[in-house]
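Since the structure comes first, as structure tokens, the remarks are kept for the end.
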Amino acid sequence: MGHRTTFATGWAVYELGQNLIRLLKERAAGAWQVSRGGGFCGWQFSCGEKHLTFNELVARLGWSSPVVASAASTQWSGSILAVHIADVEVDPETGQVKLLRYTAVQDVGKAIHPCM
């Protein structure tokens, strides 16, 4: 994955995470029967002296709770550069095309994966 893709999707992933944290805080407040609020530090939800880890919150909510779901999207648009090259052989009598070699090159910017 290149830095363009990371930039384009990074904010959407961040917003998705923030939305899920907000929803889970609401669930924690409901489980404790307190007003919305509390905090989130690491993987803990807290309100006053009450604390729940993410796993404890999920276990407490159980399967009977409605699904926690969120969505986010990116407004980023930018140019993506790519070239596709095909070497073909065409039989002029039959029109049959034979693919000899195909090469695809894409500018990913700075590749983030260490093997790239």
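Of the strands (runs of 3 or more DSSP E) lying entirely inside the range 3-70, not one contains at least 2 residues that are closer than 30 Å to LEU81 by Cα and at pLDDT below 75. In the range 3-21, the residues that are farther than 19 Å from ALA69 by Cα and loosely packed, with under 14 Cβ neighbours inside 10 Å reach residues that are of a type in the set (A, V, I, L, M, F, W, C) and modelled with pLDDT under 80 with C-beta atoms within less than 7 angstrom, at least six apart or across chains, in these pairs: HIS3/ILE112; PHE7/TRP76. ALA86 versus (1) over 30 Å from ASN19 (Cβ atoms); (2) aliphatic (A, V, I, L, M); (3) part of a loop (DSSP other than H, G, I, E, B); (4) at pLDDT 75 or above: which is the lone unmet condition? Failed condition: (3).
The values are calculated or read from the model by the stated rules, or taken from the named source; none is laboratory data. This one's a predicted model, so the numbers in the text were calculated from it and none came from an experiment. For neighbour counting, all protein chains shown are included, and Cβ atoms are generated from backbone atoms with ideal geometry for every residue, glycine included.
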